[in-house]
1. Among residues belonging to segment 328-370 that are buried (at least 17 other Cβ atoms within 10 Å of the Cβ) and assigned to a loop (DSSP other than H, G, I, E, B), point out the one that is farthest from the chain's Cα centre (by Cα).
2. I'd like to check something: does segment 200-212 contain any residue that is assigned to a loop (DSSP other than H, G, I, E, B) and modelled with pLDDT of 95 or more?
3. Give the residues of segment 9-53 that are in contact (Cβ under 8 Å) with a residue 60 or more places away in the chain, more than 23 Å from Glu68 (Cβ to Cβ) and outside any helix (DSSP H, G or I), sorted by residue number.
4. Is there a residue in segment 311-320 that is in contact with a His (Cβ under 7 Å, 6 or more places away or on another chain), part of a helix (DSSP H, G or I) and either of a type in the set (Val, Ile, Thr) or crowded, with 21+ Cβ neighbours inside 10 Å (or both)?
5. Would you confirm, using the coordinates I've provided, whether Arg169 is part of a loop (DSSP other than H, G, I, E, B) and of a type in the set (D, E, K, R)?
6. Which residue pairs have Cβ atoms closer than 6 Å, lie 6 or more positions apart in sequence or on different chains, and pair a first residue in segment 81-96 that is closer than 11 Å to Leu14 by Cα with a second residue that is in a loop (DSSP other than H, G, I, E, B) and within 8 Å of the ligand (Cβ to nearest atom)?
7. Return the only residue of Asp220, Asp261 being closer than 18 Å to Ala148 by Cβ, out of contact with any Asp or Glu (no Cβ under 6 Å at 6 or more places or on another chain) and touching a residue at least 12 places away in the same chain (Cβ under 8 Å).
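The values are calculated or read from the model by the stated rules, or taken from the named source; none is laboratory data. Quantities reported herein were computed from a predicted structural model and do not represent experimental measurements. Ideal geometry is used to build each Cβ from the backbone, glycine not excepted, and the neighbour counts take in all protein chains shown.
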Amino acid sequence: MTSDPSPSSRRRVLILGSTGSIGRQAVDVARAHPDRIEVVGLVAGSDEAALTRQADELGVTETGLGSEAAEQAAGTIECDVVLNAVVGAAGLRASVAALGAGRMLALANKESLVAGGDVCLAAAERGGGIIVPVDSEHSAIAQALQGAPRETVERIVLTASGGPFRNRRDLGSVTPQEALAHPTWQMGPKITIDSATLMNKGLEVIEAHYLFDLDYDDIDVVVHPQSTVHGIVEFVDGTMLMSAAPTDMHIPIQAALTHPDRVASAGERIDPDKLGSLEFEPLDRERFPAVNLAYAAGRAGGSRPAVMNAANEIAVQAFLDERIPFTAITEIVSAVIEKHPGGGATSLDEVLDADARARTIAGELIETRG
Ligand SMILES: NC(=O)c1ccc[n+]([C@@H]2O[C@H](COP(=O)([O-])OP(=O)(O)OC[C@H]3O[C@@H](n4cnc5c(N)ncnc54)[C@H](OP(=O)(O)O)[C@@H]3O)[C@@H](O)[C@H]2O)c1
């Protein structure tokens, strides 16, 4: 238990991607804990009207639109925590800026670590920033690990709901509307499609590699349709800690914004009497090849994960625009990696170059299919 914070221990939080699914829930968390959290800045992509409404409601004067504004705010606005809830690799520069400026980075934008994991860790080392995960699986695992020494950890297991097509055979005919109907989580469109292809789990494997400094051999994935257990840590003595929470992103967002304190919240609870049976089953890696693609890209290292991520962003948008079928998303990602296996990724420029080239190739492949 922690004592009530004094006003001086109020966290000053900058929210990047404030108008999105995570951003709006972060605003809810701030509103629920005015004694703990003060929002000092808001950045969105292009929705100026929504941003202005949020700023007026919260009395925030520091606002901006777009990646450059996010990067600048992350590096310059006086704050304690930068919540990066931008979608896609567009959030990478801001993560690097926040870590380089010594901030605590509450990271929802997993693409930052997928595309530029080494660059983010180098910025943290240089500037003294730390990363606290917002993704529910990584939040669960961090809470189960509680700083356990590396040599005591056998492996971690990320759970996956399996998405809306866990039991569907014919994936070629999936429509955007069907893919946008996730069975357990309400999220922005890009991550919802990633959850349907299971690329989201692949991205999370790479994210976990960087967050927890684990080899890919020590990171596993299991399908758990109820999404009650979010992450599992297996220790060397055979003990497994399974970390569970309601399927409500307010919980990991709050955990990150108030880290390392645990603060009461009025949200939903899991009632063990009503839990019934929890199922766990192996991932079908043939029907959902994205997870293997991500393991391979992660193991190859360098800018390969950045290439994979960029190709995926373009392919997901093309699917949402009804330009390619659902199954073409991973086909395009795979084809882009073949054409552009990537090179080094030790500088931000190298990563951004690889990202830009992969986007061009993915666009060309989509055109040719058209
Ligand atoms: N949603 C979830 O439950 C969930 C769970 C775990 C992890 N995540 C991760 O959290 C991140 C955000 O996901 P989301 O579901 O919240 O996405 P979302 O609903 O699509 O929101 C994305 C946010 O990013 C902003 N944005 C887009 N491009 C930008 C740019 N170039 N510069 C600055 N801001 C930009 C958008 O602004 P506009 O509104 O102005 O376009 C919006 O505020 C993703 O990396 C996702 O993987 C999400």
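1. Among them, the one singled out is His340.
2. No; the residues of segment 200-212 include none that is assigned to a loop (DSSP other than H, G, I, E, B) and modelled with pLDDT of 95 or more.
3. Arg11, His33, Arg36, Ile37
4. No, that holds for no residue.
5. yes
6. Asn84/Asn109; Ala85/Gly17; Ala85/Gly20; Ala85/Ala108
7. That would be Asp220, the only listed residue that is closer than 18 Å to Ala148 by Cβ, out of contact with any Asp or Glu (no Cβ under 6 Å at 6 or more places or on another chain) and touching a residue at least 12 places away in the same chain (Cβ under 8 Å).
Okay, residues lined up against (1) within 9 Å of the ligand (Cβ to nearest atom); (2) at pLDDT below 95; (3) buried (at least 17 other Cβ atoms within 10 Å of the Cβ):
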position	(1), (2), (3)
Gly41	no, no, yes
Ala44	yes, no, yes
Asp47	yes, no, no
Gly59	no, no, no
Leu65	yes, no, no
Ala69	yes, no, yes
Ala73	no, no, yes
Leu83	no, no, yes
